[in-house]
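Asks: Take this structure, written in structure tokens, and hold onto it; I'll ask about it next.
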Amino acid sequence: MTDVVTAWTEDAGAAQARALFTEAFDGVAPDGAWSAPGRVNLIGEHTDYNGGLCLPIALPHRTYVALRRRDDDAIRLISGRESGRWEARLDQVGPGTVSGWGAYPAGVAWALEQLGHAVGGFDAAVASAVPYGSGLSSSAALECAFAVAFAGAPGWTGPDAGTDTGRVQLVTACIRAENEIAGANTGGMDQAASLRSQPGHALLLDCRDGGVRHIPFDLSAAGLELLVIDTKAEHALVDGQYAQRRATCEAAAETLEVPTLREISPDLLDGALAALPGAESRKRVRHVVTEIGRVEQFVELLDSGRVREVGPLMDASHASLAEDYEVSCAELDVAVSAARKAGALGARMTGGGFGGSAIALIEAGTSEAVSAAVEQAFADAGFGAPAFLTAVASSPAR
Ligand code: ADP
Ligand code: MG
């Protein structure tokens, strides 16, 4: 039997977080329960920090938070995934002053306070069905669940989670939490996907101005499914590689005298490449520019009801990430090639790379067969067993 990661119902997830809370905090009930989804990106990888386009969907797998506000500024957190309590005082939280998983939620509170909104202390319990460190954005799910929890306080006058404008501000706070307090690099796609997606739709996110368009994405109507393959591969130096790619792109934009690589449209690519000094930077820029073009083509196909034709764009995205951007790895390459051999219409790595997950567009009803084929290919290659989940475009944080 392959390892399938199931999503929880919202009631079950909330009940789990509430039970954890009551057990950890002297039998007192929380003020409420909130949740936010992980995400998977359909196409448009390493484009967010280049002001480009990406196309994530919210996963049915969510992170649940039961939270109670405090009168003082103490923060006490527990998680079903971590041992012990994480504790701090809100006035101690700042860049470089806290570490560990609590830095994500505490960072969101800090960022909201920086933006002028009083959050205060809180006790909270976290239960999550989003795989950790698998490129499915458990970190953004954690931040965004807390963001909507804070915004749900009685008398809250900060960003309104009931409006997209308010959610854009919550996205900003979550990005600052991850970059400045947790010390992890993020370009912003993950938080937008978790807070601004709509069920049954992919989120076309324009990272130049934060603009979004909700693109109907109903695979079952087309007799298809989206299989996510969690390679469970972990490679060292991921953060360093991410920072390097980002720096290379920023340096190339500077050489080309544009604010971001987004300004290089596909018809300007050849001229831009000729103006760049090094082979490496030419490859990186070619990936970013062609990948943004592929997002546009993917969306055109979705807009015209031709979702069955997106497979070659997924394959081309993977090739570009592997060869030009050099962020794939053996496990991701085996996952996509085995899925294609087993009948996938297209497959690609998703997320930052160097491990994490791949996605495969498959015929409805073939997920067991495709999963078994991928698992066999992993065994043949001497890799540990991967895990699988089915991605359906789900609800945002609430
Ligand atoms: P990804 O976002 O792809 O899952 P990251 O490395 O960005 O991977 O984020 C994973 C980290 O986020 C974990 O190591 C942990 O610090 C934090 N995290 C995510 N989910 C939870 C959770 N349910 N409980 C506690 N910490 C969590
Ligand atoms: Mg993350």
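Table: residues versus (1) under 18 Å from His318 (Cα atoms); (2) touching a helix residue (DSSP H, G or I) at 6+ places or on another chain (Cβ under 8 Å).
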residue	(1), (2)
Ala347	yes, yes
Phe354	yes, yes
Ile362	yes, yes
Ala369	no, no
Val374	yes, yes
Ala381	no, yes
Ala385	no, yes
Ser394	no, no
Ala397	no, yes
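Asks: Among Gly158, Gly116, Gly80, Gly133, which is within 30 Å of Phe354 (Cβ to Cβ) and either out of contact with any strand residue (DSSP E or B) (no Cβ under 7 Å at 6 or more places or on another chain) or within 16 Å of ligand 2 (Cβ to nearest atom) (or both)?
Replies: Numbers: Gly158 fails: within 30 Å of Phe354 (Cβ to Cβ); Gly116 fails: within 30 Å of Phe354 (Cβ to Cβ); Gly80 fails: either out of contact with any strand residue (DSSP E or B) (no Cβ under 7 Å at 6 or more places or on another chain) or within 16 Å of ligand 2 (Cβ to nearest atom) (or both).
Just a single option satisfies the conditions, and that option is Gly133.
Asks: Residue under question is Thr231, and the condition is that it be surrounded by 13 or more Cβ atoms within 10 Å (Cβ to Cβ), modelled with pLDDT of 95 or more and part of a helix (DSSP H, G or I); does it hold?
Replies: Values: surrounded by 13 or more Cβ atoms within 10 Å (Cβ to Cβ): yes; modelled with pLDDT of 95 or more: yes; part of a helix (DSSP H, G or I): no.
Answer is no for this residue.
Asks: Filter segment 129-183 for residues that are in contact (Cβ under 8 Å) with a residue 24 or more places away in the chain, polar (S, T, N, Q) and away from ligand 1 (no atom under 16 Å from the Cβ); which is surrounded by the most Cβ atoms within 10 Å (Cβ to Cβ)?
Replies: This residue is Gln169.
Asks: Quick one: in segment 184-205, which of the residues that are of a type in the set (S, T, N, Q) and within 11 Å of ligand 1 (Cβ to nearest atom) is farthest from Tyr242 (Cα to Cα)?
Replies: Step one: filter segment 184-205 for residues of a type in the set (S, T, N, Q), giving 185-186, 191, 194, 197-198.
From what's left, within 11 Å of ligand 1 (Cβ to nearest atom): 185-186, 191, 194.
Numbers: Asn185: 8, Thr186: 9, Gln191: 18, Ser194: 21 Å.
Per the stated criteria, the residue is Ser194.
Asks: Search segment 125-146 for residues being under 21 Å from Thr22 (Cα atoms) and part of a helix (DSSP H, G or I), and hand back the single one that is nearest to the chain's Cα centre (by Cα). Working first, answer last.
Replies: Looking only at segment 125-146, we keep the residues that are under 21 Å from Thr22 (Cα atoms), and these are 125-129, 142, 145-146.
Within this subset, residues satisfying the condition of being part of a helix (DSSP H, G or I) are 142, 145-146.
Details: Leu142: 11, Ala145: 14, Phe146: 16 Å.
Looking at residues that are under 21 Å from Thr22 (Cα atoms) and part of a helix (DSSP H, G or I), I get Leu142.
The values are calculated or read from the model by the stated rules, or taken from the named source; none is laboratory data. All values derive from a computational prediction rather than experimental measurement. Counting neighbours? That spans all protein chains shown, and the Cβs are built from the backbone with ideal geometry, glycine included.
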